[in-house]
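Q: One structure coming up, written as structure tokens, with questions to follow.
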Amino acid sequence: MTSTELFELTLALKIVLWVEAIVYLGLGIFEIFDDFFRKLPSWTKLNGKLNAYLFMEDKMQHKFHAIVCFFLGFIALNGIIEGAVTRFEIELLFIGLALIMMLLWMIMPPGKTGIAMFLTKPETYLSITMFLLFSDLIRVEIFIICILFNVWGIAVFIFNTRKLIIPYTYKRYRGDVIEAGISENKVKTWDKMSGYKEN
């Protein structure tokens with residue numbers, strides 16, 4: 001495809017774009033406007049009161065997630081409305097998904113929990129689908145960049161994340177999760193995913 005050429009949506013691409021529009025645009029809009037009813041994470045409180053710095057950090061991370069989701073969902077919805085996409089729009093979707101996958105590689109939890117994380121993230125399936133079905137619509141340079149983002153995420157996981165968290169075990173991770181004040185229900189869910197049983 002040239003930079004200005006329009007690619008009429010195929011059934012497969014329509015399905016992918018609808019999934020991205022529903023998941024990402026829906027989540028993005030929800031998280032943009034959830035300020036007055038979202039429950040703050042327990043780790044934003046220290047010594048019994050809300051810590052201003054941790055509150056701002058959480059807000060920034062949460063809204064940045066909302067921005068990325070809205071951005072990807074908007075591109076997908078625009079393609080659906082127009083009935084066609086440009087090469088640049090497809091490349092933006094590829095790059096966006098590759099960046100998210102890079103992050104997931106970097107923060108993969110230990111044990112079966114890490115596998116479960118990838119299996120429950122829509123980015124995993126969307127990335128695989130895009131690479132398998134639509135790689136021919138983007139430039140080779142963009143394809144290589146997407147691969148390199150994933151490789152970089154894996155490299156950071158192996159040579160940085162695993163080196164800093166010692167020992168890199170679910171038991172250590174679980175202890176830190178509990179110390180951070182994460183809800184007991186979430187911890188129990190992760191325990192089931194990892195097959196962890198308290199002695």
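The values are calculated or read from the model by the stated rules, or taken from the named source; none is laboratory data. Since the model is a prediction, treat every value here as computed from it, not as a measurement. Cβ placement follows ideal geometry from the backbone for every residue including glycine, while neighbour counts extend to all protein chains displayed.
Q: Could you check how many residues of the range 118-145 are of a type in the set (V, I, T), at pLDDT 95 or above and over 13 Å from L13 (Cβ atoms)?
A: Counting residues in the range 118-145 that are of a type in the set (V, I, T), at pLDDT 95 or above and over 13 Å from L13 (Cβ atoms) gives 6.
Q: For the range 14-60, which positions are exposed (fewer than 12 other Cβ atoms within 10 Å of the Cβ) and either among the charged types (D, E, K, R) or in a helix (DSSP H, G or I) (or both)?
A: Of everything in the range 14-60, those that are exposed (fewer than 12 other Cβ atoms within 10 Å of the Cβ) and either among the charged types (D, E, K, R) or in a helix (DSSP H, G or I) (or both) turn out to be D35, K39, S42, K49, A52, Y53, M56, M60.
Q: Those residues that are within 30 Å of T4 (Cβ to Cβ) and under 22 Å from the mean Cα position of the chain (by Cα), I need them from the range 139-186; list them, please.
A: Pass one, the range 139-186, residues within 30 Å of T4 (Cβ to Cβ): 139-150.
Scanning the range 139-186 gives I142, F143, I144, I145, C146, I147, L148, F149, N150.
Q: Go through the range 135-188 and give me each residue that's touching a residue at least 60 places away in the same chain (Cβ under 8 Å), assigned to a helix (DSSP H, G or I) and surrounded by fewer than 15 Cβ atoms within 10 Å (Cβ to Cβ).
A: Once the filter is applied, which keeps residues that are touching a residue at least 60 places away in the same chain (Cβ under 8 Å), assigned to a helix (DSSP H, G or I) and surrounded by fewer than 15 Cβ atoms within 10 Å (Cβ to Cβ), the range 135-188 yields only R172.
Q: Determine whether the range 67-75 contains at least one residue that is over 20 Å from I138 (Cβ atoms) and of a type outside the set (V, I, T). Spell out how you get there, then give the answer.
A: Start the filter on the range 67-75 by keeping residues that are over 20 Å from I138 (Cβ atoms), which leaves 67, 69-70.
The next check asks that each one be of a type outside the set (V, I, T); those that pass are 69-70.
Taking every residue of the range 67-75 in turn, at least one turns out to be over 20 Å from I138 (Cβ atoms) and of a type outside the set (V, I, T).
Q: Output the qualifying pairs, or none if there are none: Cβ atoms under 9 angstrom, residues six or more apart or on different chains, first residue in the range 23-50 and under 29 Å from L126 (Cβ atoms), second residue β-branched (V, I, T) and loosely packed, with under 14 Cβ neighbours inside 10 Å.
A: Partner pairs satisfying both residue conditions: G28/I67; E31/I67; I32/I67.
Q: Here is a list of conditions, (1) of a type in the set (A, V, I, L, M); (2) more than 30 Å from E8 (Cα to Cα); (3) loosely packed, with under 14 Cβ neighbours inside 10 Å; (4) over 12 Å from the mean Cα position of the chain (by Cα), and I81 meets all of them except one; can you say which number that is?
A: (2)
Q: Among the residues of the range 98-106, is there at least one that is over 15 Å from the mean Cα position of the chain (by Cα) and part of a helix (DSSP H, G or I)? Explain how you work it out, then say what you get.
A: Step one: filter the range 98-106 for residues over 15 Å from the mean Cα position of the chain (by Cα), giving none.
For the range 98-106, residues over 15 Å from the mean Cα position of the chain (by Cα) and part of a helix (DSSP H, G or I): absent.
Q: Further question on the same structure: On the basis of being touching a Lys or Arg at 6+ places or on another chain (Cβ under 7 Å) and either in a helix (DSSP H, G or I) or of a type in the set (V, I, T) (or both), does M193 make the cut? Explain how you work it out, then say what you get.
A: On the way: touching a Lys or Arg at 6+ places or on another chain (Cβ under 7 Å): yes; either in a helix (DSSP H, G or I) or of a type in the set (V, I, T) (or both): yes.
The answer is yes for M193.
Q: Now, a different point. Suppose we filter the range 42-54 for residues that are modelled with pLDDT of 90 or more and within 25 Å of I100 (Cβ to Cβ); how many remain?
A: 2
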